[in-house]
Amino acid sequence: MKLIVGLGNPGSKYLNTRHNFGFNVLNYFQDTLSDFSTWQSLEKFKALVSEGELNGEKIILAKPQEYMNVSGESVRALANFYKIDPENIWLLHDDLDLSLGELRISQDASAAGHNGVSSVIKKIGTQNFVRFRLGIAPLSKNLLATLAKKFMPTKNFVLQKFTAGEKATVQKTNQKASEALTLALNKGIQAAQTKFN
């Protein structure tokens, strides 16, 4: 059994913001799975959940409906209820260390300053889970540095919506990450890392 979690913030205010990239990708992926249930709001997990099977394995998709900084509570509740080991938890989240359009798949890695990932590590007691890191940084690293130093705090940047000029790249990343998830479920994480990292 696998638990695949997209990280983001709940509510219409945060739709299509950089910090909600995990939600975006999971929505896209769920749309490709014809036999999965529609999203159900489950209060005991404080999450929207969709379930189904791939290759005879049960897969739980979840979008925590608490704010990013405390999303680990939802992940822990889901993992405990379904008795899912940490290495079978896959997390989709935005990453400022990667440029928009980049995807990296890692396992047993530190949070590197991402508050949502930190919350998950704290609540499940280990960092030994899989992460699909979705780049959100401007294509120019100099622009990011300028933003951070002069114009806006990082917190404000990640809560911005993607621009019209970025939407094509976002859509390509949704597709690429969905393909990576499918490959990882069919052939294993290493096969997905080899192709997409």
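Annotations for the structure displayed:
- Taken over the range 1-38, residues that are more than 27 Å from L98 (Cβ to Cβ), of a type outside the set (G, A, S) and free of Cβ contacts under 8 Å to residues at least 40 places away in the same chain amount to 3.
- Of all residues in the range 84-103, those being farther than 17 Å from T126 by Cβ and either among the acidic types (D, E) or not in a loop (DSSP other than H, G, I, E, B) (or both) number 9.
- Residue identified as touching a strand residue (DSSP E or B) at 6+ places or on another chain (Cβ under 8 Å) and surrounded by fewer than 17 Cβ atoms within 10 Å (Cβ to Cβ) among L98, L61: L98
- The number of residues in the range 16-42 that are of a type outside the set (S, T, Y), over 14 Å from the mean Cα position of the chain (by Cα) and modelled with pLDDT under 95 comes to 2.
- Residue check, T146 hydroxyl-bearing (S, T, Y), at pLDDT below 95 and either closer than 27 Å to L15 by Cβ or part of a strand (DSSP E or B) (or both): yes
- Residue within the range 162-172 that is surrounded by fewer than 14 Cβ atoms within 10 Å (Cβ to Cβ), modelled with pLDDT under 90 and either among the basic types (K, R) or in contact with a His (Cβ under 6 Å, 6 or more places away or on another chain) (or both) present: no
The values are calculated or read from the model by the stated rules, or taken from the named source; none is laboratory data. Quick caveat: nothing in here was measured; it's all calculated off a predicted structure. Glycine also receives a Cβ, built like all others from the backbone with ideal geometry; neighbour counts cover every protein chain displayed.
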